[in-house]
1. Of everything in the stretch 137-185, what is at negative phi, of a type in the set (S, T, N, Q) and touching a Phe, Trp or Tyr at 6+ places or on another chain (Cβ under 8 Å)? Give them in sequence order.
2. I need the full set of residues from the stretch 137-162 which are surrounded by 15 or more Cβ atoms within 10 Å (Cβ to Cβ) and over 21 Å from residue 340 (Cα atoms), in order please.
3. Which residue, of 165, 159, is under 30 Å from residue 649 (Cα atoms) and touching a residue at least 40 places away in the same chain (Cβ under 8 Å)?
4. Which of (1) in a strand (DSSP E or B); (2) hydroxyl-bearing (Ser, Thr, Tyr); (3) under 28 Å from residue 588 (Cβ atoms) does residue 494 not meet, given it meets every other one?
5. Could you please find all residues in the stretch 88-145 being over 34 Å from the mean Cα position of the chain (by Cα), over 20 Å from residue 74 (Cβ atoms) and among the hydroxyl-bearing types (Ser, Thr, Tyr)?
6. When you scan the stretch 42-64, do you find a residue that is free of Cβ contacts under 8 Å to residues at least 24 places away in the same chain and part of a helix (DSSP H, G or I), even just one?
7. With 75, 89 as the choices, which residue is surrounded by 19 or more Cβ atoms within 10 Å (Cβ to Cβ), at negative phi and at pLDDT 90 or above?
Amino acid sequence: MSYPPGLTSPSKASAAQLDSWAVGKSTETSALRADLKKDIAGRVYYDRSEVLDSLFVASSPNALSNDRSVIDRVVAAITTTCAGDITAVRRIVLNARGVGDDKGKKAYETEMYPHLANIFRTVETICANAGYTRPYFRQLVSSPSKTLKSDDPLLPESFPTKPDFPVAEVPPPSSGTITEVVDAAQWLRWRQCPAFLEVKVLPSDGPVPAQNYKTRAVRDALVQGADYARAILSSRPFQLHVFGIFVSGTNLCVGMFDRRGITLSPEVDMFSTSGIRNMVSIVLKLTWDMSPVDLGHDPTVSLLDGHTYYNETYPRFLVKMSNGRVTSDAWRTVGLPLWSSHSLFGRGTSVWRALRVNVDTAQILKVAWRSSGRESETAIYERIKSAFNDSIPRGIATTPSGGGDVYSSLGQPVSVFHLRRHPSLCPDTGPVTDAILHRVALNDFGKPIWRYRDSAQFLGAISTVVQANEKLRDVGVVHRDISGGNLLIKVNATYKPTYEVDTDGKRKLKDELIEETELDINEGFLTDFEFASFTTPPATVVSRAVPALSHGRIAGDARSQGQHSRFKEVTVFTPEKVAGDGMTGTAAFMATELLRAIREDKTITRTFAQDAESLGYVILYSLYKHAVEDSQVSNDLRAELSKEFTEFFSAVSIAGLLSKRAQRFSHGREADDSMPYLLAYIDNDTALAICAHATWTFLAHLNETKKPRNDRTAVSAMMAEEFPSPRGGMPFDEAYPLWIGMLRKAALALPGAQGSAT
């Protein structure tokens, strides 16, 4: 496939914008943060007071933070009753000078925690006695002893880390306005923390470089804060940006993290006369006065009645297209998101099971940030539909039935630059472009591919998607983001409300469920076409003025100057990729040559072959995940499957993932060597065994490391006969049809299929 000049797809890769599907629990944050550090460079605004304007956004006229007399009382209390804490913090900072190792610094930081906690608690106590009604209940939780819990539906042990002081939403007290102190040993969830505060004992370890920040490297403290922001944005998918507070020595700095970068305030001495006042205002705003929207929550999304971020049960939301009245384009979410992106600067995609309001139709709702320079996903679906003459083939999600760009009450699209509030933080040129919040609702309803009922359903779904992908190729479309999250098995979805009788004897709605039932046919479908590329780019016909030249004259001829113009219709092509978009894809499923391009910081054109390779990884991933989740599997086998699964797919860096693939497909290895426990699990299912062997062999060819061997199992021997293995790997154009042929052979091995043994 070729692309018009300037429209090669995409530009350079960026590891930190990719979603990492680590399979098991990973505490190796250093590699991930190293990738994140690279991506932060060029996205940071230092020493900008505008971030304080966003934090100190005007509260309600009757808000406590507007009462200067209360602020004066709090400041006076801190300078007197907390004088010992201030002295202790200064002494600890002084004693820590000269300490170079992280362990030593951490010991001093730990000494700071109780003193800072007492100062923060004093702010709350004095305010509680001021006679104001408290609108919001949040607490700066002192040094939780456990990492924060994640609700990730696929990776429940994601983000195994914790800030020094999470800003946590907590239940209101039974009386009064002072929150109950959260026990440091209590489990906190990332989803109940809209902001954070991080402590460093030395001023030199803060997020702001000491000198000439334009040429200095990104500081580790800032990367650490970005990692916390990433966890919050993933765990609170309707959070649009995150505030982070950095205390380094006695310096205080405020950061705002959004989908396009980071803005840092000037550092101030928080114990100076003006600094104490700023610190009090910041703590008061974060814990007492700021609304969820002021703290970065999507203004078009609200919690349903009775739902909170801090309850054990995952909350439900009302999602609208604007923050005006509820229209037909609104949804109520049901349960955990099916998928929530782990990236900080990427699309921030989340996918939900939802009920459309007024009609109670079950739909799949996708929320993501789209680049302002690209077509919207709804428009891309329309282009795909047009490419197929308005008849979308099986295996492709049908045209969205709702959604579009999200709008604020002012009639403006909700975008990163709009939320930043200041033009100086919104560049017209450069590598970073604006991002617009976008939603898409699909009537096609599906379950994850790894939750297949049996091998017939799995192979039927794979077959449908393979054919759909080939049809997309035939009309010049490359998906560019095939992953385990956007390949679904089609099911029926029905709205199932449950009711209860209240004390007055009236029936009232208790809960809403979406009941899934299997179809009579086995069919899968592909979703998430936001980054699909087209051989022919989108075009618009416009009228442009051109010189009305006399016969024989040429444009630019001096004699033609001052002549009248005429209008001519010309076609203007819209780029499918804009600077700053970064590489698209989910790392665990990306083609190896794309991962290498990321590692080497190279530009690469996306192709059908890469999509096909991604599909191969999805097949193996799904077989593994199904096996690990199978309740009938023994604990011993599950442990070995999990280990094998992790060794194949789990990595916290691109280099690590490439290394694992090289090991999986190293010289002399067969499928029996690389995934023995998966093959043992499906040993009695010939169809799945053929599918797994064929897919492994196909991927081995594309990784160019496979060589022939003689000691093979029966299925391996069949594979060698029908899927030859020349040393050095087979080219894609030769390997692909052989792989597809083996997948068809797998389908014929299904019980009851023509050619099967049963």
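1. Within the stretch 137-185, 142, 147, 150, 161, 177, 179 meet the criteria.
2. Hits for the stretch 137-162 are 137, 138, 139, 140, 141, 142, 143, 144.
3. The conditions single out 159.
4. The number of the failed condition is (3).
5. Within the stretch 88-145, just 108 meets the criteria.
6. Looking for residues that are free of Cβ contacts under 8 Å to residues at least 24 places away in the same chain and part of a helix (DSSP H, G or I), one finds none in the stretch 42-64, hence no.
7. Unique residue meeting the criteria: 89.
The rows are residues; the columns are (1) closer than 20 Å to residue 240 by Cα; (2) modelled with pLDDT of 95 or more; (3) in a strand (DSSP E or B).
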position: 410; (1), (2), (3): yes, no, no
position: 419; (1), (2), (3): yes, no, no
position: 424; (1), (2), (3): yes, no, no
position: 430; (1), (2), (3): no, no, no
position: 440; (1), (2), (3): yes, no, yes
position: 447; (1), (2), (3): no, no, yes
position: 456; (1), (2), (3): no, yes, no
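The values are calculated or read from the model by the stated rules, or taken from the named source; none is laboratory data. Not measured: the values here are computed from a predicted model. Positions of Cβ are generated from backbone atoms using ideal geometry, with glycine treated the same way; all protein chains shown enter the neighbour counts.
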